[in-house]
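Okay, so here's the structure we're looking at.
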Amino acid sequence: MPKIHFVDVTNRDTVQASRINLSKLQKTMVNFYLGQMGICQSEFAFPFARNEQNYARANLQLREMGALGNLLLEGWCRALVSDIAEAVTIGVKHLNVSISTSDQMITSKFGGKLDRQGVIERMTAAVTYAREHGVKTIGVNAEDASRTDLGYLVAFAQAAKDAGADRLRYCDTLGFETPVTIYRRAKAVAEQVEIPLELHCHNDLGMAVANSVAGARGAIDAGVDAYIDTSVNGLGERAGQADLLSCILAVKFAREMDDYQIGDPLNLRISAKLANYISYAFGVPIPINQPGVGENAFAHEAGIHADGALKDRRNYELYDCELLGLDLEAPPTTCRVITTGEFGGLAGFEHVYERLGITFASKKEASEILELVRYATAHNQANLTDDELRFIARYPDQVRQILTITP
Ligand SMILES: [Zn+2]
């Protein structure tokens, strides 16, 4: 039976959205948590962008060293040979190459330079180049697939497969689909082309999670693997995209999902930590009603609800809060506390690390890590979290590279 895998695109789609940003160290921590959680793939970078390349190289090293678990690090490129050449140069082995396929976008974005056939030719040239240059997995992104003529989309997918692509990304770029329609269209493409599908759904009409799950069911019913693109806390372009945890919970706990299994062993106890980290790093609070990790996700007050939940939590809860690691979240420190940061000194620094159970072999080593902590705080423009401090002490050479961004 084909399976469902998750591709988290926080480090590409979310960071490109308006008004929200992550530092390169914060992006690295997202990969670190996704790896701990057992997620299949992170769309981790724009590898052709010079400001991403030190970060990308260091994360590829971290992956080699085993710091990111089995996470596949995949880069996003336009369907341009020049983008792919840059990605190959820095050693990215997994790529998604993107081009628009709807008549709306072909006409209004390419301004007559490309027609439907031209789009297929450009995509094919890009995939062929990637294949010839040792890229291991290639996803082809049909941007605006949901507004693309179905017959043309099938032809595009077939051409991608013939050129050597491993997957087709069905992009509901504008959040235009409904669960019923995306199920039907995803199933039709998968049946006719027999290529695994990625479902990439935006949330403009509030249906991103439902559409992702329905599209995945369509792919699996047609006999191919499904990959659901997600972001942490659902943040992304405009109204965002499919939330990682909501999609996982839906696949695990929704009605009649028994035949749709997740293909990777997941440790959901990282979810609360990751959701809270993303909230902190972006400076965007988690909504009180967020599935799984919102403050009210397991709260009961009304008479009938509280009474019922006390008698048996299954009266009002589909799944347990412990499953998500919520019990591991430390309460905020309000008593006297020592922190370290951009202008911290050695004594405070050593005190903080001792609390984390980390000591240094020499003053020299401690001073070197302190210096990285100072730079990392300046880089993040936020106090470092305990996990960031641990990460810096454990992987100082890679962190030094990540922090180096020079034009
Ligand atoms: Zn997107």
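Values in this text are rule-based calculations from the coordinates and carry no lab data. As the structure is a prediction and not an experimental result, all values here were calculated from the model. For neighbour counting, all protein chains shown are included, and Cβ atoms are generated from backbone atoms with ideal geometry for every residue, glycine included.
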Going by how many other beta carbons lie within 10 Å of each one, how would you line up Leu197, Leu310, fewest first? Leu310, Leu197
Could you tell me which of rounded, prolate or oblate describes the chain, using a ≥ b ≥ c as the square roots of the eigenvalues of the alpha-carbon gyration tensor, with rounded for a/c under 1.5 and, failing that, prolate when a/b is larger than b/c and oblate otherwise? oblate
Helix 363-380 sits at what angle to the longest principal axis of the chain, using alpha carbons and giving 0 to 90 degrees rounded to 10? 50
Kindly provide the helix-only [θ] at 222 nm of the chain, computed as the sum of -39,500 (n - 2.57) over DSSP H runs of four or more divided by all residues, to the nearest 500 deg cm²/dmol? -14000 deg cm²/dmol
Entries in Lys3/Lys24; Lys113/Lys187; Lys24/Lys136; Lys161/Lys273; Lys93/Lys161; Lys27/Lys364 that, when Cα-Cα distance is taken, lie over 30 Å: Lys3/Lys24; Lys113/Lys187; Lys161/Lys273
Apply the Karplus parameterisation 6.51 cos²θ - 1.76 cosθ + 1.60, with θ equal to phi minus 60°, to every residue of the range 195-208 and state each ³J(HN,Hα) to the nearest whole Hz, in sequence, with x for glycine and proline. 10, x, 10, 9, 9, 10, 10, 9, 10, 4, 10, x, 10, 4
Given H placed on each backbone N at 1.01 Å, which residues far from Phe298 in sequence or on other chains put an amide H within less than 5 Å of it? none
Under 5 Å between amide H atoms, partner at least 5 residues away or on a different chain: which partners does Asn141 have, H built in plane at 1.01 Å? Val97, Ser98, Ile99, Arg169
Summing +1 for each Lys or Arg and -1 for each Asp or Glu, what net charge is found among the other residues whose Cβ lies under 12 Å from the Cβ of Ala58? +2
Which of Asp83, Asp327, Asp258, Asp387 comes first, and how do the rest follow, when ranked by fewest Cβ neighbours within 10 Å? Asp258, Asp327, Asp387, Asp83
Put in order of increasing Cβ neighbours within 10 Å, starting from the fewest, Val180, Val135, Val9 give Val180, Val135, Val9
Cut-off 15 Å between beta-carbons: net charge of the residues surrounding Gly134, Lys and Arg +1, Asp and Glu -1: -1
Among Cys335, Thr377, Leu71, whose Cα sits farthest toward the positive end of the charge dipole of the chain (+1 at Cβ of Lys/Arg, -1 at Cβ of Asp/Glu, about the Cα centre)? Thr377
Between the Cα axis of helix 24-37 and the main Cα principal axis of the chain, the angle (0 to 90°, nearest 10) is 80
Note, the range 210-218: 3J(HN,Hα) by Karplus (6.51, -1.76, 1.60, θ = phi - 60°), whole Hz, Gly/Pro = x, goes 4, 5, 4, 5, 5, x, 5, 4, x
Comparing Glu74, Glu365, Glu177, which has the greatest mean-square fluctuation in the GNM of the chain with Cα pairs linked when under 10 Å apart? Glu365
Set of the range 302-328 residues, backbone N closer than 13 Å to the point 7 Å along the Cα-Cβ line of Met257: 318-320
For Leu384, what is the net charge nearby, where nearby means another residue's Cβ is under 12 Å from its Cβ and Lys, Arg count +1, Asp, Glu -1? -2
Under 5 Å from the placed amide H of Ile228, counting only residues 5+ away or on other chains, we find His5, Phe6, Val7, Leu199
Which of the listed residues, Ala159, Val119, Val81, is farthest toward the dipole's positive end in the range 71-178, when Lys, Arg count +1 and Asp, Glu count -1 at the beta-carbon? Val81
Can you tell me the dipole magnitude for the chain around its Cα centre, using point charges on the Cβ only (Lys, Arg +1; Asp, Glu -1), in Debye to the nearest 20? 740
Helix 179-193 axis, angle to the chain major axis (alpha carbon atoms, nearest 10°): 70
